[in-house]
Amino acid sequence: MLLTNLTTISPEDAEQTLENVTGFFHSLDLRKVVTILLIFVGCMVAMKVVLKLTDRTFRRLEMEKGLHTFIHAALRVVLWLVTLCIVLDYIGVPMTSLVALIGVLGLAVSLAIQGTLSNLAGGIQVLVSKPFKAGDYVEAGGVSGTVQEVGLAYTKLATVDNKVISVPNGQISTEKIINYTTAEKRRVDLTFNVSYDAPIQKVEQIIRAVVSAHPLALFTPEPFIRVSGYRDSSVEYVVRVWCATGDYWTLYHDLLEQVKAAFDREGVEIPYNHLDVHVIGRKEDERA
C-alpha cells in the first residue's frame with residue numbers, strides 16, 4: 001500500500017511540492033521562523049510529557065527494565081518522526097508523500113534486519129510472559145543453564161561447565177521452556193533393580209530407612225517406594241522423594257550412593273549382566 005502511494009506521486013505533484021518549499025523559504029520572515037520554533041518547542045514539550053507518563057505507567061506495572069528501555073526508545077523515535085512530519089507539513093511538504101516515504105524506508109529496513117526483528121519480538125514476548133528470571137536454571141532453545149541476563153535480542157545462560165551461551169530470543173520464544181527452579185520443591189525420581197531373591201518387603205524397608213535418615217528429604221508429600229516392574233533378571237523399584245529445589249542434586253546423588261551401601265550391608269544383590277565363557281579343548285588335546 002505504501003509502495004503504491006509512493007509510486008503514484010506524479011511529476012506535477014513533486015514539482016508542486018518543490019515550488020511550495022522553495023516559495024516558503026523565499027518568503028521566510030521572522031513570523032514563520034517563530035512559528036516553526038513554537039511548533040518544535042510544543043512538540044518537544046508534548047514528547048517529554050508523553051514519555052514521563054509512559055515511564056510512570058511502566059513503573060507502576062513493574063515492567064522488566066529491558067522491555068521498558070526498548071519501548072521508551074521506540075516511542076521516542078516515533079515522536080521525533082511525528083514532530084518532523086508536523087514541521088515539514090507546515091513548510092509545504094505534503095503529509096501523504098512524507099508518510100509514504102517513511103513507510104517505504106521502514107519496510108526496507110525491516111526486511112534488511114528481519115532476523116534481528118524476530119529476536120526482538122521474541123525478547124518482548126519473553127519479558128512480558130516472564131517464564132524465567134535471572135538466577136533460574138532452565139532449559140530453553142535447546143540449551144540448559146542458569147539465566148544470567150534476559151536481553152531484548154539474546155538471553156545469556158551459564159552452563160554447569162562455566163560456559164556462557166547467548167541464545168537468540170526468537171528461538172526461545174518458539175520452543176518449549178523448562179524452568180527447574182521456579183517452584184520451591186522438586187521431586188527426586190530414582191529406580192533400583194534388585195535380585196528376585198531379595199524379599200520385596202525387606203528391600204522397601206531398606207530404601208525407606210535410607211530416605212528417612214537423610215536430612216534433606218521432605219516427608220510432605222510422603223516418599224513413595226514401590227515395585228514398578230519385573231525385568232528379565234531383576235525386580236524394579238521406583239523411589240520418589242521431595243526436597244527443596246536447591247537440594248535436588250545433593251539428595252539425588254546421596255540416595256544413589258547410600259542405598260547401594262545399604263544393600264551391600266544387608267546382602268541384597270543388584271544384578272548385572274554376566275558373560276559366561278566355556279572353553280572346550282580340541283579332540284587332539286583330549287587324545288593326548
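The values are calculated or read from the model by the stated rules, or taken from the named source; none is laboratory data. The shown structure was predicted, so the numbers you read here are calculated from the model rather than taken from an experiment. No Cβ is skipped: glycine too gets one built from the backbone with ideal geometry, and neighbour counts run over all protein chains shown.
Some notes on this structure:
- Restricting the range 126-161 to residues that are surrounded by 16 or more Cβ atoms within 10 Å (Cβ to Cβ) and of a type in the set (S, T, N, Q) leaves a set whose member that is nearest to residue 71 (Cα to Cα) is 155.
- Meets criteria (under 27 Å from residue 273 (Cα atoms), at pLDDT 90 or above and surrounded by 15 or more Cβ atoms within 10 Å (Cβ to Cβ)) for residue 206: yes
- When restricted to residues that are among the polar types (S, T, N, Q) and more than 18 Å from residue 176 (Cα to Cα), the range 141-158 contains 1.
- The residues of the range 177-188 that are of a type outside the set (Phe, Trp, Tyr) and in contact with a Phe, Trp or Tyr (Cβ under 9 Å, 6 or more places away or on another chain), listed by number, are 177, 179, 181, 182, 185, 186, 187, 188.
- Every pair of residues 6+ apart whose Cβ atoms lie under 8 Å, when the first sits in the range 237-250 and is without any contact (Cβ under 8 Å) to a residue 60 or more places away in the chain and more than 24 Å from residue 268 (Cβ to Cβ) while the second is surrounded by 14 or more Cβ atoms within 10 Å (Cβ to Cβ) and of a type in the set (Gly, Ala, Ser): 242/217; 243/217
- Condition check for residue 261: small (Gly, Ala, Ser) and either within 35 Å of the chain's Cα centre (by Cα) or at pLDDT below 95 (or both): no
- Whichever residue in the range 232-255 is assigned to a helix (DSSP H, G or I) and surrounded by 13 or more Cβ atoms within 10 Å (Cβ to Cβ) and, among such residues, is modelled with the lowest pLDDT: 245
- In the range 177-192, the residues that are without any contact (Cβ under 8 Å) to a residue 12 or more places away in the chain form no Cβ pair under 9 Å with any partner that is among the charged types (D, E, K, R), whether six or more places apart or across chains.
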